[in-house]
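The values are calculated or read from the model by the stated rules, or taken from the named source; none is laboratory data. Just so it is clear, the model here is predicted, and its values are computed rather than measured. Quick reminder, even Gly has a Cβ in these numbers, built from the backbone with ideal geometry, and neighbours come from all protein chains shown.
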Amino acid sequence: MSEPGRAPTRAEVGLRVVHRRYVSYDHAHYAGNLVDGAYSLAAFGDVATEMCIVTDGDEGLFASYSDVQFSGRVQAGDVIEITAEIVRVGRRSRELQFEVLVVGRGVPERGAGSAEMLDPPVVATTARGTVVIP
């Protein structure tokens, strides 16, 4: 039974939330327009917040990350897809699996403004994280 004034939880294993965004050149931090890994972690925080709102009607709090893996580049001019999927549901906690896919990338050698969607997308970052609902 839920607390008075709080929506009952809809959290269930397998529920997914997906965001897409363009990575602006303001975020380039290194040579070759590379974006730092903290960009992916911030994106995970955004998608986790939406997940908590969807499941529990509260923004929730991020408690921890585990097993963060940076396996591909995120560059300015990329279009990324950020996914959070519930893999475990506790009474007040949710364990989430995160992934950043690069689904589109600029192709400057073809000309200014040239870009293409990637098939297949590039896995850039994965992680597990735990959020709690106060």
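For segment 25-44, check the following and say yes or no: at least one residue is within 16 Å of THR126 (Cβ to Cβ) and touching a Gly at 6+ places or on another chain (Cβ under 8 Å).
Yes, segment 25-44 contains at least one residue that is within 16 Å of THR126 (Cβ to Cβ) and touching a Gly at 6+ places or on another chain (Cβ under 8 Å).
For segment 85-103, check the following and say yes or no: at least one residue is touching a Leu at 6+ places or on another chain (Cβ under 7 Å) and free of Cβ contacts under 8 Å to residues at least 40 places away in the same chain.
yes
Restricting segment 44-102 to residues that are among the hydroxyl-bearing types (Ser, Thr, Tyr), at pLDDT 95 or above and not in a helix (DSSP H, G or I), which is farthest from SER114 (Cα to Cα)?
SER93
Among the residues of segment 36-66, write down those that are more than 14 Å from ARG20 (Cα to Cα), among the β-branched types (Val, Ile, Thr) and in contact (Cβ under 8 Å) with a residue 12 or more places away in the chain.
Residues satisfying the conditions are VAL54, THR55.
Please verify whether ALA63 is over 17 Å from THR125 (Cβ atoms), exposed (fewer than 14 other Cβ atoms within 10 Å of the Cβ) and not β-branched (Val, Ile, Thr), treating the condition exactly as stated.
So ALA63 fits the description; yes.
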